[in-house]
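Every read-out reported here was derived from the displayed coordinates using simple, explicitly stated rules and does not represent laboratory data. Nothing here was measured: the structure is a model prediction, and the numbers come from that model. Here Cβ is always computed from backbone atoms with ideal geometry, including for glycine, and neighbour counts include all displayed protein chains.
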Amino acid sequence: MGLRIMQTAHYVPDKIIHNNDLTKLLDTSDEWIKTRTYIRQRHISQTEQTSELCIQTAKKLLSQSSWTADQLDFIIVATMSPDYLSPSTAAIVQGEIKADNAFAFDLNAACSGFIYALVQADQLLKGSYRRGMIIGGETLSKLVNWQDRSTAVLFGDGAGGILVESQLDSQSKVVGHDLHTFGQSAQYLTAGYQPLDSAFAHDLTEPEKKYFIMDGRQVYNFATREVPNSILRALNKAKWTAAQVDWWLLHQANGRINREIAKHLKQSSERFLLNVDAYGNTSAASIPILLDECVRSQTIKRGQKIVLSGFGGGLTVGSIALVY
Ligand code: ACO
């Protein structure tokens, strides 16, 4: 039995904010942002919530496919920026596209969310379910403190998704994965604190905790150390060597991090695909947006060996070795 990725799609809001636009709000420069992160621009939502970005992605996925919405068994939305805590973003998508036979739930593992969701989907497809939709969708702009130059330049909004099917004789499959969480380092990246708010509570936590607070250096060191470890564990399970991998699709947080990871793995950075320049860090959406672009440009072809790897808040890390 193999998990086959049947369709890919993505949707981003129209509004593009270039680095130079941010220099009007913050004490920063295009030069600083580009050299430190490789980011040139990001899409920022003005009217569309996370669910809307996900619904547009879901509609694209279905319109490209021969499936009808009622043939879906499940919908997972990976997000750290849902519209509501309840209903889940996935339930909103399920209702809107009328996927009447699908159960739907959100999964929050920050920037590792899409990888964690894909592993959940693989397990569901090894059980009694046949067809699923996985979307990573974020409006991180609502979690950004637009006065904090150390985080405001990094993030963007968007959604990307895939349709997956269990197939008996498919050469496409997940051949190895690794998921790890480092909760003792949680404080290095926080966002979206929910204050206690009742007749009995008086929450004195600083209001800034609503927004991203990040120790960038710690997250950088974590990513360049733990992502190669996670990838090597996934490769080990797949019985692949790094040299056998055709393409590497890592979370797009900062191009420098991905270059550094390539170096750790002694691989050419040319096969580490990048689009962070155009989207910034879109957390759970970054890997499916990149995957969709690479499938559409025919960079990635059927039968090729792909490694996907995410890392971020939690702190979390996750890697998947799959045959596309
Ligand atoms: N413009 C200009 N200067 C800035 C800016 C800015 N936007 N931001 C910070 N600076 C200044 C700092 O104040 C500091 O100045 P100082 O030396 O006078 O104190 C200087 O630039 C250097 O700052 P550093 O933080 O040391 O810069 P660094 O080279 O580490 O780059 C960065 C910062 C880009 C954030 C890097 O640490 C990084 O990419 N970290 C990882 C972030 C990440 O990957 N997050 C992913 C997870 S996100 C998720 O899960 C949702």
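Would you mind telling me the antiparallel percentage of the DSSP bridges in the chain, rounded to 5?
Within the chain, antiparallel bridges account for around 70 percent of the total.
Assuming a viscosity of 1.567 mPa s and a temperature of 4 °C, what translational diffusion coefficient in µm² per second does Stokes-Einstein assign to the range 109-219, Rh being the Kirkwood radius over Cα pairs?
75
Rounded, prolate or oblate: which one fits the range 248-324, using the alpha carbon gyration tensor with axes a ≥ b ≥ c (rounded when a/c is under 1.5, else prolate when a/b beats b/c, else oblate)?
It comes out rounded by the Cα gyration axes.
Could you line up 43, 202, 264, 251 from fewest to most neighbouring Cβ atoms inside 10 Å?
Placing the least packed residue first, the sequence is 202, 264, 43, 251.
For a protection proxy built on the mean count of beta-carbon atoms within 10 angstrom, sort 10-18, 115-123 highest first, please.
115-123, 10-18
If you add up the charges near residue 240, with Lys and Arg at +1 and Asp and Glu at -1, over every other residue whose beta carbon is less than 14 angstrom from its beta carbon, what do you get?
Net of charged neighbours comes to +4.
Given C-alpha coordinates of the chain, what is the ratio Rg to Rh with the Kirkwood estimate of Rh?
Using Cα coordinates only, the ratio equals 0.96.
I want the local charge near residue 24. Using Cβ-Cβ distances under 13 Å, sum +1 for each Lys or Arg and -1 for each Asp or Glu among the other residues.
Around residue 24, the surrounding residues sum to -2.
Can you tell me the Rg and Dmax of the range 173-323, counting just the alpha carbons, in angstroms?
Computed over the Cα atoms of the range 173-323, radius of gyration and Dmax are 17.5, 60 Å.
Among 178, 203, 169, which comes first, second and so on when ranked by fewest other beta-carbon atoms within 10 Å?
Listing 178, 203, 169 from fewest to most nearby Cβ atoms yields 169, 203, 178.
Around residue 307, with a cut-off of 11 angstrom between Cβ atoms, what is the net charge of the other residues, counting Lys and Arg +1 and Asp and Glu -1?
Spelling it out: positives minus negatives among the neighbours equals 0.
Based on the mean of other Cβ atoms within 10 Å per residue, sort peptides 309-315, 217-223, 180-186 so the most packed one is first.
The packing order, highest mean first, is 309-315, 217-223, 180-186.
Please say if the range 2-167 is rounded, prolate or oblate, where rounded means a/c under 1.5 for a ≥ b ≥ c the square roots of the C-alpha gyration tensor eigenvalues, and otherwise the choice is prolate for a/b larger than b/c and oblate otherwise?
It is prolate, given that a/c is not under 1.5 and a/b is the larger ratio.
Of all DSSP beta bridges located in the range 2-167, what percent are antiparallel, nearest 5?
For the range 2-167, the DSSP antiparallel bridge percentage is about 70.
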